[in-house]
Structures are given as C-alpha cells and as structure tokens.
C-alpha cells in the first residue's frame, strides 16, 4: 500500500468503527448522509448491497477521501424475506421482538470498498444466522425502553443490552455487528491490497 493511504469508513456506526479499531485499523469516519429509507430494492440482499454502494460512492467524492480506500456498509435483518432495518419507533421495535422470539433470522451486511486512487471497487454481502431466545414481554419492553434498539439494524445488538436475548450466531459475529473483517480482507485482496498494511503502528 502506498504511504499515506488510509481507510475511510462511510458510516456513522460506532460499532463498525470499534470493530476496525480493535483489529488495529485506525479508520477515518466520513458520514455519507444517504437516506436509507428512500432506497427501494427487491430483496434484503439487494438492499444492503445498494445502500453500501451508495454510501461508499458518496463519500468517495468527498475531498477528504482523496487517495483513500472508502468502505461503505449497511445491514438489515431478514426474517423470512421481511426487511428489518432500524425500527421507526418503540412500538415497531416491540412488534419485531414479539414476532421473532424463538425464531431464526439472517443478518445481512453489505460491504462496498472503493480505491479512490484507481477508481476500482469490490463488493460482497455477508450473511449470518441469528437464533433469538424467548425474552418475556417485560424484558422486551424494558429493552426497548433503553432506546438501544431504535439505533441499530434489526432493533438489536450483539454487543450491547440485546445480547442476552440472542441464543446463538451461525456465521461471522462481526457481520452481525455490521462489518465482517474476513470480507474486508477479501475485498482488499481483490483490489490488490493487504489488510496488514492498514494496521496502525
């Protein structure tokens, strides 16, 4: 990797930034401002792929992204084809939890990486199965009252207060949180880069 080239995260998600930093990557953050609710797509996989691309492409035109690698990500929970992004309000969050307790759903995260120096791009969608527990009505109400579910895809977190209500993950847990490091490594390789070159000193 050329000296000075860094990764720009086109996302306001603190969880995604934490994943990168824990892996030794001190990414810069430039929020895209893309209106996620205004983008139609035929299915959950197409939706996250499109949103990840739009976020990355928007930030790639920002002057702060010159000679940078720009990573756009987006996630939704897929419950039998039903898209669960961020709940619009507490009532929807409660409804979603009541609908999926004791069931399995698929967390799909789109990843779109652009090398602004070359203009090349690579993309992939990660899928992880989430096996939900059986939280009581009281537990669901208490969890939604914290406000946490209103800020995240699917209305739950794997690393926060929602963790006790998830029995098992089949697949990459990072993908459930919103960013798969194995996918990022593969995308970098596709663009002729190496993830070790992104490690901070």
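The values are calculated or read from the model by the stated rules, or taken from the named source; none is laboratory data. Quantities reported herein were computed from a predicted structural model and do not represent experimental measurements. Here the Cβ positions follow ideal geometry from the backbone for every residue, glycine too, while neighbour counts run over all protein chains shown.
Count of region 70-121 residues, restricted to those that are surrounded by 16 or more Cβ atoms within 10 Å (Cβ to Cβ), out of contact with any helix residue (DSSP H, G or I) (no Cβ under 7 Å at 6 or more places or on another chain) and outside any helix (DSSP H, G or I), is 5. For first residues located in region 171-186 and in contact (Cβ under 8 Å) with a residue 40 or more places away in the chain, partners that are assigned to a helix (DSSP H, G or I) and surrounded by fewer than 16 Cβ atoms within 10 Å (Cβ to Cβ) and lie 6+ apart or on another chain with Cβ distances below 8 Å form the pairs 172/182; 174/182. Among all residues of region 129-141, there is none that is in contact (Cβ under 8 Å) with a residue 60 or more places away in the chain and not in a strand (DSSP E or B).
The set of residues in region 174-201 that are under 20 Å from residue 150 (Cα atoms) and assigned to a helix (DSSP H, G or I) comprises 174, 175, 176, 177. The residue that is nearest to residue 125 (Cα to Cα), counting only those in region 140-189 that are surrounded by fewer than 15 Cβ atoms within 10 Å (Cβ to Cβ) and in contact with a strand residue (DSSP E or B) (Cβ under 6 Å, 6 or more places away or on another chain), is 170. With the condition kept exactly as written, say whether any residue in region 55-68 is in contact with a strand residue (DSSP E or B) (Cβ under 7 Å, 6 or more places away or on another chain), assigned to a loop (DSSP other than H, G, I, E, B), farther than 20 Å from residue 173 by Cβ and modelled with pLDDT under 95. Yes, the conditions are met somewhere in region 55-68.
The residues listed here are 198, 181, 188; of these, the one that is at pLDDT 95 or above, touching a helix residue (DSSP H, G or I) at 6+ places or on another chain (Cβ under 8 Å) and more than 23 Å from residue 76 (Cβ to Cβ) is 188. For residue 124, the stated conditions do not hold, so it cannot be described as touching a helix residue (DSSP H, G or I) at 6+ places or on another chain (Cβ under 7 Å), exposed (fewer than 15 other Cβ atoms within 10 Å of the Cβ) and either farther than 14 Å from residue 76 by Cα or without any contact (Cβ under 8 Å) to a residue 60 or more places away in the chain (or both).
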